[in-house]
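Have a look at the structure below, then the notes.
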Amino acid sequence: MKSVIVTVVLGLVVSLTHAQSKKSASAEPSKSVSVAQGEVARWAGNCLRCSFEKRAWAAVNGTCYYPVDMDMKPGQYTVSRRTTGGKLESAQLTVTPKECQQEDITNFPKKEYINVSAQNQARAAKEATVINPLIRYKETVRPAVFDLPAGKPAEPLPKGEGNFGACRTFNGQPRDRHTGQDYPVSAGKPVLSVGNGRVLLAANHFYSGNSVYIDHGNGLISEYFHLKSYQVKPNQTVTKGQKIGLVGETGRVTGPHLHFGVRWHGACINPGFLLIDPADIPEVK
């Protein structure tokens, strides 16, 4: 009788130990990736569905992409994927801090952007109520109609000024961080859509001047600011490389240039990640 009891107890111990080990293994993913604020991670190979904390979306051409907002709190997060074979896998994504580059703009000529009138403050606030719902994360999005790398927003495209996420002051007054990458493209040069998509918004705004927002599916929104003019309208379908406007200096700018920005599943990311070979994006391993 004692031997039977001992056997049962040992069996329970082994079962509990196995269960705890299994639970521990699932709680601590063996795969991981590390990216800085404003960057993107990827998980390649027969992916069907991707999740990042409480958000989820479809894979793009069999790869899960995890965009990290430039203001996301540094730390460890869990990402998951469902493969085409039905397997559910998790990994640890570590977000590291990205130092905010200081950009002090002095002798700014457009004084209406330094001491903003109540009328212009109201205008900007009204414009934000239109823009914010377009660029935030949505549970349901159109299927992706783009490939990576994306096309260039200008041809040729000079090296960017490296000011994505910059902390700015104008004549000593602090302003919001810079949400895109500036490219020193001359006034009047064509601005091109970086991928197939549908125009969400084309309008003149107080801060960003003549602006175009394009939905490329899968929650990817591209932004083109300070245009001299635009030649597309909302709900218009555009193709990769299509001319959508001309480089200008409208809105809060010091001179003509192309501001190119990206929102992906609501995250404000460095748009340069769309222009490189996906193989160069940090990968879950």
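The values are calculated or read from the model by the stated rules, or taken from the named source; none is laboratory data. As the structure is a prediction and not an experimental result, all values here were calculated from the model. Don't worry about glycine lacking a Cβ; one is built from the backbone with ideal geometry, like all the others, and counts go over all protein chains shown. Protein only, heavy atoms only, side chains kept; ligands, DNA and RNA dropped before computing areas. Shrake-Rupley method; radii C 1.70, N 1.55, O 1.52, S 1.80 Å.
Could you give the angle, 0 to 90 degrees to the nearest 10, between helix 2-27's Cα long axis and the longest principal axis of the Cα atoms of the chain?
Helix 2-27 and the main axis of the chain meet at about 10 degrees.
Quick one: which of 82-95, 189-202 comes out on top by average Cβ neighbours within 10 Å, and what's the full order, highest first?
On the way: 82-95: 15.1, 189-202: 21.5.
Descending packing order for the listed peptides: 189-202, 82-95.
List every residue whose amide H lies under 5 Å from the amide H of V191, counting only residues 5 or more places away in sequence or on a different chain, with H placed 1.01 Å from N in the peptide plane.
I244, G245, L246, V247
Under a point-charge model restricted to the Cβ atoms of Lys and Arg (+1) and Asp and Glu (-1), what is the dipole moment magnitude of the chain relative to its Cα centre, in debye to the nearest 20?
On the way: 34 positive and 23 negative charges, 160 e Å.
Magnitude of the dipole: close to 760 debye.
Note down the relative contact order for the chain as a percent, whole number, built from C-alpha pairs under 8 angstrom at least six residues apart. Numbers along the way, then the final one.
On the way: 667 pairs, mean separation 56.3, N = 285.
The value is 20 percent.
Once you have the alpha carbon radius of gyration of the stretch 203-254, what is it after dividing by 2.2 N^0.38 Å, with N set to its residue count? It would help to have the intermediate numbers written out before the result.
Working: Rg = 11.2 Å, N = 52, 2.2 N^0.38 = 9.9 Å.
Relative to the rule-of-thumb radius for its length, the stretch 203-254 sits at 1.13.
Any chance you could give the angle, 0 to 90 degrees and rounded to 10, that helix 118-135 forms with the longest Cα principal axis of the chain?
40 degrees
Any idea how far the Cα center of the stretch 179-212 sits from the one of the stretch 91-146, in Å?
14 Å
To the nearest 10 square angstrom, how much accessible area does I114 have with a 1.4 angstrom probe?
For I114, the solvent-accessible surface is approximately 10 Å².
Per-residue counts of other Cβ atoms within 10 Å, averaged by peptide: what ranking do you get for 260-267, 227-234, highest first?
On the way: 260-267: 23.1, 227-234: 16.8.
Order by mean packing, descending: 260-267, 227-234.
What are the ³J(HN,Hα) values, in whole Hz, obtained from phi via the Karplus relation 6.51 cos²θ - 1.76 cosθ + 1.60 with θ = phi - 60°, for each residue of the stretch 226-242 in sequence order, with x given for Gly and Pro?
Once θ is set to phi - 60°, the couplings for the stretch 226-242 become 6, 5, 5, 7, 10, 10, 10, 9, x, 6, 6, 7, 10, 10, 4, x, 6 Hz.
What are the extents of the Cα atoms of the stretch 54-126 along their three principal axes, in Å, largest first?
Extents along the principal axes, in whole Å: 59, 29, 21.
Based on the mean of other Cβ atoms within 10 Å per residue, sort peptides 117-125, 34-42 so the most packed one is first.
Details: 117-125: 11.3, 34-42: 21.3.
Highest-to-lowest ranking by the protection proxy: 34-42, 117-125.
Springs between alpha-carbon pairs under 10 angstrom, Gaussian network model over the chain: which of K73, K152, K240 fluctuates most?
K73
Determine the alpha carbon to alpha carbon distance for each of K31/K54; K54/K87; K126/K243; K111/K228 and list only those over 23 Å.
On the way: K31/K54 19 Å; K54/K87 19 Å; K126/K243 28 Å; K111/K228 20 Å.
In this structure, K126/K243 lie more than 23 Å apart at Cα.
State the extension gain, in nm to one decimal, for the chain segment bounded by K73 and L157, taking 0.36 nm per residue of separation less the distance between their alpha-carbons. Don't skip to the answer; put the middle values down first.
Working: separation 84, 0.36 × 84 = 30.24 nm, distance 3.20 nm.
Length gained, K73 through L157: 27.0 nm.
Report the trypsin sites (Lys or Arg not before Pro) located in the stretch 134-193 that are in a DSSP loop and have at most 10 other Cβ atoms inside 10 Å of their Cβ, or state none. Let's see the in-between values first.
Values: sites: R136, K138, K159, R168, R175, R177; in loops: R136, K138, K159, R175, R177.
Loop-located and lightly packed - K159.
Using the Karplus curve 6.51 cos²θ - 1.76 cosθ + 1.60 with θ = phi - 60°, what ³J(HN,Hα) values do you get for each residue of the stretch 148-163, in whole Hz, with x for Gly and Pro?
10, x, 6, x, 7, x, 7, 9, x, 10, x, 4, x, 7, x, 10
Return the ratio Rg/(2.2 N^0.38 Å) for the chain, where Rg is computed over Cα atoms only. Don't skip to the answer; put the middle values down first.
Details: Rg = 23.4 Å, N = 285, 2.2 N^0.38 = 18.8 Å.
Normalised by 2.2 N^0.38 Å, the Cα Rg of the chain equals 1.24.
Given 20 °C and 1.002 mPa s, compute D for the stretch 44-199 with the Stokes-Einstein relation, Rh being the Kirkwood radius over Cα pairs; round to the nearest whole µm²/s.
Details: Rh = 19.3 Å.
Reported coefficient: 111 µm²/s.
Over all directions, the average projected area of the alpha-carbon convex hull for the stretch 234-285 comes to how many nm²?
Numbers: hull surface 24.1 nm².
About 6.0 nm², averaged over all directions.
If you build a Gaussian network model of the chain, linking Cα atoms that sit under 10 Å apart, which residue out of T239, T96, T140 swings the most?
T140
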